[in-house]
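Report on the structure given below.
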Amino acid sequence: VDRFRCFGYLVLRGLLDPALVATLRDEVVATMLAVHGDRYHERPTGPGMPGHYSCLLGPWAPCTVELVDGRRLVGLAERLVGGAVLPSPVDTQGIRFAGGAGWHSDTDIRVRAVRFVAYLEPLDGTTGALRVLPGSHRLPEEALGRHLHSIDVDVPDVPAQVLATEPGDVIAFDPQLWHASWGGRDRHQWTTLYVRDAITPSWRAGLGEWFAESTSDRDALPE
């Protein structure tokens, strides 16, 4: 817990057993085929983080629903953020990435939260493994972003921690942590996110902003 709060991330080796990884992969692929059809087989292109995205929090992905609702992840999230948590539905996704992603954080909304990410293929620094800037979740958004985006450097030129993983490993990180990837094989990501429930008026405002922003993505989700 102290390590997570200090550096903003943890790598939980072998948290998911091989049978569970295989089932999650089946749900990710089946959902993507249902949502994207033949486009699933095309290499994603476009600006930002090109990929095929699909919502997994529904009856079409029962293993995901059970995992997201179960004590294994909920209990861990509660320990890491220090209190009761709420799932963020649109952040429970299967994603197929093809390329890299520049340096960014997932939000500038000041909430306590944790994202869990499981890559379903082995990854290292040259094939799209997640890179993080330890402790960057503690900096104001503009303090780091303004400087990172003003210097002309490629992702690997930034001194960062590369988180190589095998299927079954789970990365837990604060969504305000700055992260990126470089290179990249075609790879599948399973992810979900929990935010700490509000216990003060200021936290309640941040929580309301989080879910209000999330609903803007509803039109892109399958019914």
Q.
Please report the spacing between the Cα centers of the stretch 62-109 and the stretch 117-185 in Å, no decimals.
A. 16 Å
(Q) Using only DSSP helix segments of four residues or longer, with each worth -39500 (n - 2.57), what per-residue ellipticity at 222 nm results for the chain after dividing by its residue count and rounding to 500? (A) -9000 deg cm²/dmol
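In debye, nearest 20, what is the charge dipole magnitude of the stretch 19-74 about its Cα centre with +1 on Lys and Arg Cβ and -1 on Asp and Glu Cβ, if you could check? Don't skip to the answer; put the middle values down first.
Details: 5 positive and 6 negative charges, 33 e Å.
Roughly 160 debye for the stretch 19-74.
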**Q.** Å² of accessible area per residue within the chain, as computed with a 1.4 Å probe and no ligands counted
**A.** 48 Å²
Q. So which GluC sites (Glu not before Pro) in the stretch 1-67 pass both tests, a DSSP loop state and at most 15 other Cβ atoms within 10 Å of the Cβ?
A. Glu42
Q) Per residue, what volume in Å³ does the Cα convex hull of the stretch 69-223 take up? A) 127 Å³
Q) For the stretch 94-156, what ratio Rg/Rh do Cα atoms give with a Kirkwood hydrodynamic radius? A) 0.96
Q: Would you kindly find the accessible area of Trp182, with a 1.4 Å probe and non-protein molecules such as ligands, DNA and RNA excluded, rounding to the nearest 10 Å²?
A: 100 Å²
Q. What is the list of residues in the stretch 114-148 whose amide nitrogen lies under 13 Å from a point 7 angstrom out from the Cα of Asp157, following Cα to Cβ?
A. 148
Q) For the stretch 51-96, which whole percent of the accessible surface, found with a 1.4 angstrom probe, sits on carbon and sulfur atoms? A) 59 percent
Q. Length gain on complete extension for the stretch Arg71 to Val29, per 0.36 nm per residue less the alpha carbon to alpha carbon distance?
A. 12.6 nm
Q) So if R0 is 41 Å, what FRET efficiency would His149 and Glu42 give, r being the distance between their Cβ atoms, rounded to the nearest 0.05? A) 0.85
Q. What relative contact order, as a whole-number percentage, does the chain give when Cα pairs under 8 Å and 6 or more residues apart are counted?
A. 32 percent
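The values are calculated or read from the model by the stated rules, or taken from the named source; none is laboratory data. Worth saying up front: this structure is predicted, and the values here are computed from it rather than measured. Please note: Cβ atoms are built from the backbone with ideal geometry, for glycine as well, and neighbour counts cover all protein chains shown. Please note that ligands, DNA and RNA were not included when accessible areas were found on the heavy atoms of the full protein model with its side chains. Shrake-Rupley method; radii C 1.70, N 1.55, O 1.52, S 1.80 Å.
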